[in-house]
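The values are calculated or read from the model by the stated rules, or taken from the named source; none is laboratory data. The model shown is predicted, which means the values in this text are computed figures rather than measured ones. Methodologically, a virtual Cβ is constructed for each residue, glycine included, from the backbone with ideal geometry; neighbour enumeration extends over all protein chains shown.
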Amino acid sequence: MNDIPRRNAVCAKPPEPKDPRPSREEAEAAIRTMLLWAGDDPDREGLRDTPARVARAYGQWFAGYREDPEAYLARTFEEVDGYDEMIVLKDIRFESHCEHHLAPIIGRVHVGYLPNNKVVGISKLARVVEAFARRLQVQEKMNAQIAHCIQTVLEPKGVGVVVEAVHQCMTTRGVHKTGVTMVTSMMLGEFRENALTRREFLHVIGSPASSADG
Ligand code: ZN
């Protein structure tokens, strides 16, 4: 079983934007409609600037559509004096939005990889996480996108990515379950094939699964 993407595979690109892209005015008008629909008066003082504020916030929350995560991994360092052990960046905080309700998903990502003669600056791994998080997401998809991007561009011997997150569409509506964290993981290469490598990674990130058989 070998599901490592081929060398020429590329990271998930954001979908092509609809052409023409709606104007800023059209976006603000849509938000105004939602305020009316919720039952409030968009002309009252407190809401007058809300459509413009929400449009600006969207620009930040969804900046990932204009980012290329592959580019963050393009610059690597090979002078590591033969270092070939696992590199782990844990507790990378992220904020995303679920594509079903536009509700926040807030959590942490842990990334580990086994370098293959080249390493990448650690802040770049966090940038990759952010580029994918700042799009409309489902956790499983984001998890897979991060793992495949690192595997494809950096070509390490393996990659492990674990995502722990709270979904506000679940805590504030629907089943209203608080204190529930969703955990997903994607293991590629050595992390998938070698139980010891996987366990070392889970141990480093403090996962209870590291003490389980496997
Ligand atoms: Zn949702």
* **Residue check, residue 161 surrounded by 22 or more Cβ atoms within 10 Å (Cβ to Cβ), in contact (Cβ under 8 Å) with a residue 24 or more places away in the chain and not in a helix (DSSP H, G or I)** => yes
* Structure fact -> Taking the stretch 134-148 and the residues there that are part of a helix (DSSP H, G or I) and not charged (D, E, K, R), the one that is nearest to residue 98 (Cα to Cα) would be 139
* To do: Give the residue, chosen from 126, 131, 209, that is part of a helix (DSSP H, G or I), free of Cβ contacts under 8 Å to residues at least 60 places away in the same chain and under 24 Å from residue 95 (Cα atoms).
  => 126
* Within the stretch 166-186, work out how many residues are touching a helix residue (DSSP H, G or I) at 6+ places or on another chain (Cβ under 6 Å) and either within 22 Å of residue 11 (Cβ to Cβ) or among the acidic types (Asp, Glu) (or both). => 2
* Does the stretch 84-94 include one or more residues that are modelled with pLDDT of 95 or more, assigned to a loop (DSSP other than H, G, I, E, B) and out of contact with any helix residue (DSSP H, G or I) (no Cβ under 8 Å at 6 or more places or on another chain)? -> no
* Asked: What number goes with the only condition from (1) assigned by TED's automatic domain parsing to the domain that holds residue 121; (2) free of Cβ contacts under 8 Å to residues at least 24 places away in the same chain that residue 88 does not pass?
  -> (2)
* Restricting the stretch 136-150 to residues that are more than 16 Å from residue 71 (Cβ to Cβ) and touching a Phe, Trp or Tyr at 6+ places or on another chain (Cβ under 8 Å), which is surrounded by the most Cβ atoms within 10 Å (Cβ to Cβ)? -> 142
* Condition met for residue 47 (surrounded by 13 or more Cβ atoms within 10 Å (Cβ to Cβ), at negative phi, free of Cβ contacts under 8 Å to residues at least 40 places away in the same chain and touching a Lys or Arg at 6+ places or on another chain (Cβ under 9 Å)) -> yes
* **Any chance residue 111 is under 20 Å from residue 150 (Cα atoms), in contact with a helix residue (DSSP H, G or I) (Cβ under 9 Å, 6 or more places away or on another chain) and not polar (S, T, N, Q)** => yes
* Asked: Among the numbered criteria (1) within 14 Å of the ligand (Cβ to nearest atom); (2) in contact with a Pro (Cβ under 9 Å, 6 or more places away or on another chain), which single criterion is violated by residue 129?
  -> (1)
